[in-house]
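What follows is calculated from the coordinates using simple rules that are stated; it is not laboratory data. These numbers come from a predicted model, not from an experiment. Because the Cβ atoms are built from the backbone with ideal geometry, glycine has one as well, and the counts that use them run over all protein chains shown.
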Amino acid sequence: MFDEFSMTNPGKLAEFVGFTQDEVMALCDAYKIDYNEVSRWYNGYTFSKIKFVYNPRSVVKAILSEEFDNYWTKTETYEALSIYFNLNFDGLKDIIVQLLAGEKKEISIRNFSNDMVTFKTYDDILTLLIHLGYLRYDFETREVSIPNKEIRDEFVAAVKDVGWNEVINAIKSSDDLLKATWRGDSQTVAKTIERIHDETSHLQYNDMKTLCLM
């Protein structure tokens, strides 16, 4: 008589998946660390009873080193998934692009084999990424999304490794757009938006999320 608690539905153990918001705020206060930056980098996991869960290892590393950075540790399983990224398995590429743009994707976790090697659809791959901590899963809406900046950086590195150059170009265009906006450079903003529309036709036209790759 065993019960299963997982990243898709940790139930009453949700508060032990990582640091809670109260725990992180207490740590930031004790060590004089910017809570907003900690949240931007390492927050993002959410469960039905606990809405804010942080990556504990990364929070501790950031506090001890006094520097916000990517402290995520890759797993062998994630490295093995790169072949499916490279082959654009079951349309996975377009889904990753949507997630990088800040969108959410509804998936089914019911058919996941939990053997780390059997993948029939993109649902199976995305479900494994949930269990590995690379995606946030909303149990109520059945949607996945990228939880925070740290994990987003990991996805950007992954698409670079598999040669998705058009995706990298779109991300760079978004970076250029943000910097030009900060400078008040209207001409560069106009040209960059025009270029983004041309390069990201797989995203919804005139959707503000197209500009959210940053």
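Rounded, prolate or oblate: pick one for the stretch 76-154, where a ≥ b ≥ c are the square roots of the eigenvalues of its C-alpha gyration tensor, a/c under 1.5 means rounded, and failing that, prolate if a/b is larger than b/c, else oblate.
rounded
For the stretch 76-154, with the dipole built from +1 on Lys and Arg beta-carbon atoms and -1 on Asp and Glu ones, taken about the Cα centre, which of 84, 118, 147 lies farthest toward the positive end?
Toward the positive end, the furthest listed residue is 147.
Using the Cβ atoms and a cut-off under 13 Å, what net charge is assigned to the surroundings of residue 68, where Lys and Arg are +1 and Asp and Glu are -1?
Overall, the nearby charge balance is -4.
Less than 14 Å Cβ to Cβ from residue 90, Lys/Arg counted +1 and Asp/Glu -1: what total charge do the surrounding residues give?
0
Output wanted: per-residue J couplings in Hz (rounded whole) for the stretch 40-49, from phi through Karplus 6.51 cos²θ - 1.76 cosθ + 1.60, θ = phi - 60°, x for Gly and Pro.
Result, rounded to whole Hz: 5, 7, 10, 7, x, 7, 9, 10, 4, 9.
May I ask for the net charge around residue 108, where only other residues with Cβ less than 12 Å from the Cβ of residue 108 are counted and Lys, Arg are +1 while Asp, Glu are -1?
Result for the local shell: 0.
With +1 on the Cβ of every Lys and Arg and -1 on the Cβ of every Asp and Glu, and nothing else charged, how large is the dipole of the stretch 11-65 about its Cα centre, in debye rounded to the nearest 20?
On the way: 7 positive and 6 negative charges, 42 e Å.
Value, rounded to 20: 200 debye.
Find the centroid of the Cα atoms in the stretch 134-148 and in the stretch 19-37, then give the distance between the two in whole Å.
About 23 Å separates the Cα centre of the stretch 134-148 from the one of the stretch 19-37.
With +1 on the Cβ of every Lys and Arg and -1 on the Cβ of every Asp and Glu, and nothing else charged, how large is the dipole of the stretch 76-154 about its Cα centre, in debye rounded to the nearest 20?
140
Hey, got the dipole for the stretch 106-152? About the Cα centre, +1 on K and R Cβ, -1 on D and E Cβ, debye to the nearest 20? Could you put the intermediate results ahead of the total?
Numbers: 6 positive and 8 negative charges, 23 e Å.
Charge dipole of the stretch 106-152: 120 debye, to the nearest 20.
Can you compute 3J(HN,Hα) from phi for each residue in the stretch 126-139, using the Karplus curve 6.51 cos²θ - 1.76 cosθ + 1.60 with θ = phi - 60°, rounded to whole Hz and x for Gly and Pro?
5, 5, 4, 5, 5, 5, 7, x, 7, 9, 8, 10, 9, 5
Mind checking the full-extension length gain between residue 156 and residue 88? Use 0.36 nm per residue of separation minus the Cα-Cα distance, one decimal, nm.
22.9 nm
Quick one: length gained pulling residue 181 to residue 70 fully straight, 0.36 nm per residue minus the C-alpha distance?
Residue separation times 0.36 nm, minus the Cα-Cα distance, leaves 37.4 nm.
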